[in-house]
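Visitor: Here it is, the structure in full.
Bear in mind these aren't lab numbers, they're just calculated from the coordinates by the rules spelled out. Predicted model, so just to flag it, every value in this text is computed and none were measured. Here the Cβ is made from the backbone with ideal geometry for all residues, glycine too, and neighbour counts use every protein chain on show.
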Amino acid sequence: MAVSEETIRKIAHLARLELTEKEVQTYSKQLTGILDYVSQLSKVDTTGVEPLVTATDMAVNFREDKVEPSLSPDDLLSNAPDRSGNLFKVPPVL
Amino acid sequence: MDFEAVIGLEVHAQLLTKSKIFCSCPTAFGHGDNENVCPVCTGLPGALPVLNKQVVDFAILTGLALNCKIQKHNIFARKNYFYPDLPKGYQISQYEEPICLGGKLTFLVDGNEMTVGVTRIHMEEDAGKNTHHGEFSLVNLNRSSVPLLEIVSEPDMRTPKQAGEYLRALRSVLLYLGVCDGNMDEGSLRCDANVSVRTRGAEKFGTKVELKNINSFRFVEKAIEYEIGRQIDLIEQGQKIVQETRLYDPDKNRTVGMRSKEEAHDYRYFPDPDLLPLRLSDEWIDGVRKQLPELPYEKMNRFATQFGLPRYDAQILTQSRDLAQYFETAVKRSNNPKGTSNWIMSELLRVLNDQKKEVADSPVNADQLGDLVRLIDQGQMSGKIAKGIFEDLAAGKFSNKTVEQIVKENGLVQVTDTKAIEAVIDKIIAANAGQVEQYRSGKDKLFGFFVGQVMKEMKGQGSPTVVNDLLKKKLKGE
């Protein structure tokens, strides 16, 4: 299954990655190879088999609706490149 | 050409849990910036989500109230996109297997019954809040991971009015269930509308436009109205409708297209590997079913039959659970459903509206209102005196006293003593010889004048029935 250069550009954009033309070609080849290898799995006859979401039989765990202490704003913001008061300051969005 | 609109609504309801959907941070409003956060809701590496059981209970309850099929197996999915208010780079939502499918909601539109299909309900987390300041934007993550239900309707509505009534009815159900506070101004209830138009009778839908940002109740109908007009104009000019997302601008009352780039969504949903599938047992679902209260539409129909009220009255009285409860309590005292309904609709709701109060904080309690209605019915109090007491109660006087105490303590006891009333009538007749003459020569209308004079003299405390009877006799010269 060929992963076209156009597809590579699209998923790079969705992941906000900037690629050179050379990288686009390289990844197109590499991802095509990976998908071809994995596609062997589709040879298995899965007629009548339910799609699998997880490998275990376990169901989700719950918590009760109780409030516990949170992080302090200073701890949260300690890794932020920039802040204004207790808010994250980021490049303009709009 | 004759056009009709096709409208479907997507409603986001913030759930009234104490803590967030996947972590133990508080959901409460009014905390300082970035104070309600932890490694989970800010997407720090290695932090894992743990599902809040109350969110699932609320989702099941809402699904049952809207006649949905509750899915016993459902999964959480990641919706991937980048925006600074979304710290993980994805929103945990539900996609292919949501918790509720295939329901419906019945309500009245201009007195006629209408049923709108509910396609699905799913659970998801809210994003944080950005504010934009030109050179930079600021991010507050207090709302990040606050639990939401997304309730998607079928495209069953044809007019803005129907969409507005659907939204009101849905809000009312959510309030009855106690799962959402329904406050659109604060964003705990949000509405997006899918709008398209087609020539009347056509089977195929037109191209739909998604309206976002309808953040106030009054704007829902206006925004849809505008958008329908815009689409019809375009078609009549021979242009094509573009499938897009548009924002409603309430100041200018128009919709504006968002740049297509922002719109080029490709969410790449996939099951969230951090959360195992959610499995619901019959016992769990049945346990929640037992918590279902009587819902607004059922209650309205019951009020109409049990109390013989017009549907209009019943609809208003059942708008909120508290108001319905108020009515039922008051009726027990008054034993007069229509009289009680009239007093609530014309007097109580006016006072609450003026004072911007909820029923629960009403300055006039249900027993007091019921007693006033009863005392008028029993001829023990004139409507005028009752209204006076009501206004005093509304102004905060006599709080917590029973109407009987108030009447006694303020000398408002109705005068039924015929001697006393006769004396007043004699006085009025003597003072108005001219009118008496006219009345006796056939001008019946003057009767009201005499009643008014007598009541005025008695400061409204004369028993209306006794005054009427005696006055008639005396005027005839008996």
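Visitor: Per the protein assembly as shown: cysteines with no other Cys C-beta under 4.7 angstrom?
Guide: So, B:Cys23, B:Cys25, B:Cys38, B:Cys41, B:Cys180, B:Cys191.
Visitor: If one puts a single equal scatterer on every Cα of the protein assembly as shown and applies the Debye formula without solvent, what log₁₀ I(q)/I(0) results at q = 0.05, 0.08, 0.12 Å⁻¹?
Guide: -0.35, -0.74, -1.29
Visitor: Here is a follow-up. Compactness ratio of chain A: Cα Rg over 2.2 N^0.38 Å, N = residue count?
Guide: Working: Rg = 22.5 Å, N = 94, 2.2 N^0.38 = 12.4 Å.
The reported ratio for this selection is 1.82.
Visitor: Name the aspartates and glutamates eligible as straight-distance cross-link partners of B:Lys419: C-alpha to C-alpha under 16 Å, and not fewer than 8 places from it in the same chain.
Guide: Straight-distance partners of B:Lys419: B:Glu457, B:Asp469, B:Glu478.
Visitor: A further question follows. Treat each spin label as a single point 7 Å out from the Cα along the C-beta direction, and report the A:Lys66 to B:Lys357 distance in nm.
Guide: Going from the A:Lys66 label point to the B:Lys357 one covers 3.9 nm.
Visitor: Now for a separate question. Going by amide H atoms built from the backbone, whose H comes under 5 Å of the H on B:Cys191, apart from near neighbours?
Guide: B:His12, B:Ile214
Visitor: OK, next. Report, ordered by chain and residue number, the aspartates and glutamates lying within cross-link reach of A:Lys29, taken as a straight Cα distance under 12 Å and ignoring same-chain residues fewer than 8 apart.
Guide: Counting by Cα, and skipping residues close in sequence, A:Lys29 has these aspartates and glutamates nearby: A:Glu5.
Visitor: If Lys and Arg each add +1 and Asp and Glu each add -1, what is the summed charge of the other residues whose beta carbon sits under 10 Å from the beta carbon of B:Cys68? Don't skip to the answer; put the middle values down first.
Guide: Numbers: positive: B:Lys69, B:Lys104, B:Arg120; negative: none.
The answer is +3.
Visitor: Could you give each residue of the stretch A:18-26 its phi-based ³J(HN,Hα) in whole Hz, using Karplus coefficients 6.51, -1.76, 1.60 with θ = phi - 60°, and x for Gly or Pro?
Guide: So the Karplus estimates, Gly and Pro as x, are 9, 10, 7, 4, 5, 4, 4, 5, 4 Hz.
Visitor: Taking chain A as the reference, fit the longest principal axis to its C-alpha atoms, fit the long axis of helix A:5-14 to the helix C-alpha atoms, and give the angle between the two in degrees, 0 to 90, nearest 10.
Guide: Approximately 20 degrees, to the nearest 10.
Visitor: When the Kirkwood radius is taken over all Cα pairs of the stretch B:418-475, what Stokes-Einstein diffusion coefficient follows at 10 °C and 1.306 mPa s, in µm²/s?
Guide: Details: Rh = 11.2 Å.
Taking Rh from Cα pairs, D becomes 142 µm²/s.
Visitor: Taking neighbour Cβ counts within 10 Å as the exposure measure, how do B:Cys41, B:Cys68 sort from fewest upward?
Guide: On the way: B:Cys41 29, B:Cys68 23.
Ascending Cβ contact count within 10 Å gives the list B:Cys68, B:Cys41.
Visitor: Sequence neighbours fewer than 8 away in the same chain don't count; with that in mind, list the aspartates and glutamates whose C-alpha is under 15 Å from B:Lys20.
Guide: Cross-link targets: A:Glu64, A:Asp65, A:Glu68, B:Glu35, B:Asp57, B:Glu124, B:Glu125, B:Asp126.
Visitor: So what's the net charge close to B:Arg200: Lys and Arg +1, Asp and Glu -1, counting the other residues with Cβ under 12 Å from its Cβ?
Guide: Working: positive: B:Arg158, B:Arg198; negative: B:Asp2, B:Glu4, B:Glu203.
Net local charge, B:Arg200 excluded: -1.
Visitor: Please state, as a whole number in µm²/s, the translational diffusion coefficient that the Stokes-Einstein equation yields for the stretch B:3-288 at 37 °C and 0.692 mPa s, with Rh defined as the Kirkwood radius across alpha carbon pairs.
Guide: Working: Rh = 20.0 Å.
For these conditions, the coefficient is 165 µm²/s.
Visitor: Can you grab the distance from the C-alpha centre of the stretch B:99-119 to the C-alpha centre of the stretch B:1-67, Å, no decimals?
Guide: Between the Cα centres of the stretch B:99-119 and the stretch B:1-67 lies a distance of 23 Å.
Visitor: Run lengths n ≥ 4 of DSSP H only: what is the helix-derived mean residue ellipticity at 222 nm for the protein assembly as shown, with -39500 (n - 2.57) per run over all residues, to the nearest 500?
Guide: Mean residue ellipticity at 222 nm (helix-derived): -11500 deg cm²/dmol.
Visitor: What do you get for Rg/Rh of the stretch B:1-112 when both radii come from the Cα atoms and Rh is the Kirkwood radius? Mind dumping the intermediate values first?
Guide: Working: Rg = 18.0 Å, Rh = 17.0 Å.
Rounded to two decimals, Rg over Rh is 1.06.
Visitor: Net charge within 14 Å of A:Leu77 by Cβ-Cβ distance, Lys/Arg positive one each and Asp/Glu negative one each, not counting A:Leu77 itself? Walk me through the intermediate numbers first.
Guide: Working: positive: A:Arg83, A:Lys89; negative: A:Asp74, A:Asp75, A:Asp82, B:Asp33, B:Glu35.
Every neighbour counted, the sum reads -3.
Visitor: How many percent of Cα pairs in chain B exceed 29 Å? Working shown, then result.
Guide: Numbers: 71009 of 114003 pairs.
For chain B, the share of Cα pairs beyond 29 Å comes to 62 percent.
Visitor: Once the principal axes of the Cα atoms of the stretch B:343-478 are found, what is the range along each, listed largest first in whole angstroms?
Guide: So the extents along the principal axes, rounded to whole Å, are 55, 26, 21.
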